[in-house]
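Asks: The following block contains the structure, expressed as structure tokens.
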Amino acid sequence: MEHILRSGAVHRLPGRLTAPDPGWTTSADVVVIGSGIAGLTAALRLRDKVEKILVVTKDVLAAGSTQWAQGGIAAALGPGDTPAQHEVDTLVAGAGACDLDAVRVLVEEGPGAVRELIALGTNFDHSADGELSLTREGGHHRDRIAHAGGDATGAEIQRALIAAVDRAPEIEVIQHALAVDLLLAADGGVAGVTLHVIGEGVRDGVGAVRCRAVVLASGGLGQVFTQTTNPAVSTGDGMALALRAGATLRDLEFVQFHPTVMYLGPDSRGQQPLISEAVRGEGAFLVDFEGNRFMQGVHELADLAPRDVVAKAIMRRMIETGHPHMWLDARHLGAEFWERRFPTILATARSHGVDPVTELIPVAPACHYASGGVRTDLWGRSDVAGLYATGEVACSGVHGANRLASNSLLEGLVFSRRIAEVLPTELRGWSDPRPDARTAGLVPGSARRELQEAMTSRVGVLRNATGLAEAAAELDKLAGVAADEVDTESWETTNLLTIGTAMADAAALREETRGSHWRDDFPERDDERFAGHFDVVMHDGEMELVFVPSPATDKL
């Protein structure tokens, strides 16, 4: 039975973003928002099934999170491996909060989807005998991570997808475009979307795209924190846009903090260098300042335990010792191995003054991935007619409380293919947008720093009731300040505030520790009270949280 819990934090969030009236219009059958693996896969799979597709991206086509994926893509492709084994590892990592049916779709359709990616032209690494080179990462009991360019898997996948889009004249692309809000029809379904384009000629400034369906593939929310592995474009725009339009967000409290992000000092802000889990998969290990391998005895997989386990162990040791980071020791891998297997990470570390061949790498957890997002069914449908979601912006149910390493690229690939199967058969008719009665508003872009500080210090890796209440109060204060100017910085900051508020509320209500959600005042998992999901809905700026019980899926 669902339990409705009304948020006590912020009641003054905008029901829509303040924006100028559209100065230009265009139309497309389907608008895809986002240009990573999820968005471009959806567009490519749809191109022969609908008349016109428009891909919208905030920066250039290659600027999203996909290109930053170092480790690879997971699928049961190796000798002796099976989808059933991949399923078990995924469910265990998800700490009981995965959707079993969604996980089965992921692991069973994954191998075929990866083979299709290879056929598209993606150059994965191969062994000397010509077999696909597979490695292991945290939480996996088999070598099942396919990689490219050593540690440049995302960049190679992005290259292959962009090349395929360039060969597809049916797909139009608008770059440097921020999706502002959905245009809704009289029945509450999709009628279009407003964009702000930094361009030249007729498509400059705010415009309206009339469409019959929108596929959200806009990525995550990492910029809500001061340090993240996410690029600058990851400001939660798609999640916030969907929430304002009536879609449900699920599991926002489950934010994965990658355990081994290179520590650049206490004043470093924005996107931080990731030291891929694959480095530990090849034999690197964590040590404290005394050289102790502190992951030994913490978990059966030690340094290759699921990410939430490793991140918590690092944080505990940091708190115990008073040090701002721990160390990753990969010196024994040697120069030749580093240069062949991890050339990108090696160059990045050296650019920051650390040579992993001869030195320990300073690491600390930082925001990496949002396991929650727009709640979808097994075919990517949201609960707004005509609105689909895929990739990190979505909550398909495959990640639960903690994403298994290298399942993210696979999720975008698999569920975008599924959206392309059903969307053409259920495409809505053309609809006129209804008058928008939602209350417009905007907070100033200058509030972003204070917002990020509040989220990082109180809604970050380690949470408790006092800190979450303080965060709610600070977010409430920020929501009460109106922006003097309408600009991209204010739109993004308002989106971050919207998603940050929902995350803080869900984290406060989940009085347990599960997966990536760590409450030091409720240190144990509590299936009796909290096996299930917190869903967030918004009614013209006012949030409502609903707890939906469901059995723990790692105990079935």
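The values are calculated or read from the model by the stated rules, or taken from the named source; none is laboratory data. Fair warning: this is a prediction, and the values are worked out from it, not measured in the lab. Positions of Cβ are backbone-derived with ideal geometry, glycine not excepted, and every protein chain shown enters the neighbour counts. What goes into the accessible areas is simple: the full protein's heavy atoms, side chains included, and nothing from ligands, DNA or RNA. Shrake-Rupley method; radii C 1.70, N 1.55, O 1.52, S 1.80 Å.
Asks: For the stretch 114-146, how many residues meet the condition of being part of a helix (DSSP H, G or I) and surrounded by fewer than 21 Cβ atoms within 10 Å (Cβ to Cβ)?
Replies: 5
Asks: V310 - would you say it is at pLDDT below 95, under 28 Å from R375 (Cα atoms), touching a Pro at 6+ places or on another chain (Cβ under 9 Å) and not polar (S, T, N, Q)?
Replies: yes
Asks: When you go through A447, A483, A473 one by one, which is the residue that is assigned to a helix (DSSP H, G or I), under 24 Å from R269 (Cβ atoms) and open to solvent by less than 40 Å² (accessible area, probe 1.4 Å)?
Replies: Only one candidate passes the filter, namely A447.
Asks: Taking L264 as meeting all but one of (1) farther than 26 Å from G149 by Cα; (2) in a loop (DSSP other than H, G, I, E, B), write down the number of the exception.
Replies: Going through the list (1) farther than 26 Å from G149 by Cα; (2) in a loop (DSSP other than H, G, I, E, B), L264 breaks only (1).
Asks: Only one residue in D251, D187 is among the charged types (D, E, K, R), out of contact with any Pro (no Cβ under 8 Å at 6 or more places or on another chain) and buried (at least 23 other Cβ atoms within 10 Å of the Cβ), so which one is that?
Replies: Answer to the check: D251.
Asks: If you don't mind, another one. Spot the failing condition for V107; the list is (1) in a helix (DSSP H, G or I); (2) over 27 Å from R514 (Cβ atoms); (3) open to solvent by less than 50 Å² (accessible area, probe 1.4 Å); (4) without any contact (Cβ under 8 Å) to a residue 40 or more places away in the chain, and only one is missed.
Replies: (2)
Residue-wise test of (1) at pLDDT 95 or above; (2) closer than 30 Å to G15 by Cβ; (3) not polar (S, T, N, Q).
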| position | (1), (2), (3) |
| --- | --- |
| T228 | no, yes, no |
| A232 | no, yes, yes |
| D237 | yes, yes, yes |
| A242 | yes, yes, yes |
| A245 | yes, yes, yes |
| V255 | yes, yes, yes |
| S268 | no, no, no |
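Asks: What tally of residues in the stretch 157-194 results from selecting those that are of a type outside the set (A, V, I, L, M) and in contact with a Ser or Thr (Cβ under 6 Å, 6 or more places away or on another chain)?
Replies: Residues meeting the conditions: 3.
Asks: Could you please find all residues in the stretch 128-143 being farther than 19 Å from V279 by Cβ and either among the polar types (S, T, N, Q) or in contact with a strand residue (DSSP E or B) (Cβ under 7 Å, 6 or more places away or on another chain) (or both)?
Replies: L132
Asks: Name the residue, out of D521, D540, that is open to solvent by 10 Å² or more (accessible area, probe 1.4 Å) and touching a Gly at 6+ places or on another chain (Cβ under 7 Å).
Replies: D540
Asks: Of the conditions (1) under 24 Å from A440 (Cα atoms); (2) modelled with pLDDT of 95 or more; (3) within 24 Å of the chain's Cα centre (by Cα), G541 clears all except one; give me its number.
Replies: (2)
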